[in-house]
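Notes for the one structure printed next.
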Amino acid sequence: MIFQPESNILFTGTSIGTIESWDSYSGHVIGSPIKTWVPISVLAVLAGKHVLYASSFKEIMVWDIISGQQVFQPIYYHKGAITGFAITTDKQHLISSSRDASVVIWNITETFPSLKHVITCPDGVEAICLSPNNHYLSIPISSTSLSTTGQFLHIAAGQMLCIWQTKNWNKLQTIGHNSEVVSFALSKDESTVICGLHDKTLSIWVQEDSCYTKAATRSYNAPITALAHFPSVPLIAIGLWNFSIEVCNIETEQRVWGPFVCHTSPITSISIFSNCSRVVTGGSDGTIRIWETNPEAMLSDTKINTKHNQFPPKVQFLQYPSTFNLGFSTTADGWLTNQNQLILWIPPWYRQSVISPQVQCIPSSAENQTLKLDWSNFVYGTHWFQIVDCVL
């Protein structure tokens, strides 16, 4: 999944070889899908015109988004599965990572991407990250990411996170862990690196004198499979193997939003709107979920919410009837209450959909799809008999 905040368009690739673009507000498909006939493992979008993808066949393909036609012949170099893409902000270079322990920097031209530089890592690369100013490249050799200015590339490799300077491709620092780095994120000012580990811990590293030192560690009850840093506030969105998403305040190390469980399988990717108003998650259940967030409220909230998979005691995301002056609360068995009065019981299979801040589910027919309560004919208490008038 790739999200373009400037256009609010989502690009998705599937195991059956289709690439589709979606309007993140309406949830509708834009145009016709691109049919490649090979499973899509990694996606990148270049200048809103071309989509680059990699499959299990180890090649890089480039297609025109408008025409849906292949632009170049397949590009081969990696000998293992390609695990990540990053593109510099000047759109001049593509960076690809692979489980064959290589990271390749490509020159992007109008005619054909050409090889520029190769970084050999000690282990298979699972992720890469380019820092916001493009000065550094971090390599946790399980993913890839490039900074917004493209000066740094971060690469996750096994239990290590390696940081490379993109100007001369010198390695600046290696951050070691006791468990495999599954996911990681970088703050916009590059001052903080957050790593999600297979041993269910989150490690936070803060930059001091051009080097990162560990600032905090937090434990979870499941491996951390996806991370994203909010662009302008000290908040981190966290996706877990147990299908849940939550937001943590990095400075206080407290959960300030969630957890919410609408996905029916582990969350694999997270993106955040540039104005921080929404979070987008992709899961291995084949769905994309869009969640409404309020960073200002989250930063002022110092209380940790309920445990994973519990029914949240306070419901802040419902539109209430005008007869209620106060917000709802909930009981553990699914009752909505108002001033200690039982108002409405929600069946277990609807609870997450109704009370969560999920505002869009793609596709809309998926399990735990977005649901809204219609209160227009709602009556309760001593006025319950008015339901007869509503029906008649």
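All of the numbers you see were taken from the coordinates with simple rules; none came from a lab. Here the structure is a predicted model, which is why all the values come from computation and not from measurement. Don't worry about glycine lacking a Cβ; one is built from the backbone with ideal geometry, like all the others, and counts go over all protein chains shown.
Quick notes on this one:
- Taking 0.36 nm per residue of sequence separation and removing the Cα-Cα distance, the Ala297/Ser210 pair yields an extension gain of 28.1 nm.
- Length gained on full extension, Ser365 to Asp90, computed as 0.36 nm times the residue gap minus the Cα-Cα distance: 95.1 nm.
- Each residue of region 88-94 was assigned a 3J(HN,Hα) from its phi angle through the Karplus curve 6.51 cos²θ - 1.76 cosθ + 1.60 (θ = phi - 60°); the sequence is 5, 5, 7, 6, 9, 9, 10 Hz, with glycine and proline shown as x.
- Centroid-to-centroid, using Cα positions, region 63-109 and region 179-244 are 26 Å apart.
- Point-to-point label distance, Thr252-Ala332, nm (Cα→Cβ direction, 7 Å offset): 2.6 nm
- Distance distribution P(r), region 19-108, all Cα-Cα pairs, bin width 5 angstrom from 0: 3, 13, 24, 24, 19, 11, 5, 1, 0 percent.
- Asp374-Thr120 pseudo-label distance in nm [points 7 Å out on the Cα-to-Cβ vector]: 6.6 nm
- Pairs from the list Lys58/Lys188; Lys91/Lys188; Lys35/Lys91; Lys58/Lys116; Lys35/Lys79 with a Cα-Cα gap above 27 Å: Lys58/Lys188.
- With the simple spin-label model, which puts each label point 7 Å out from Cα in the Cβ direction, the Gln70 to Glu20 separation comes to 2.3 nm.
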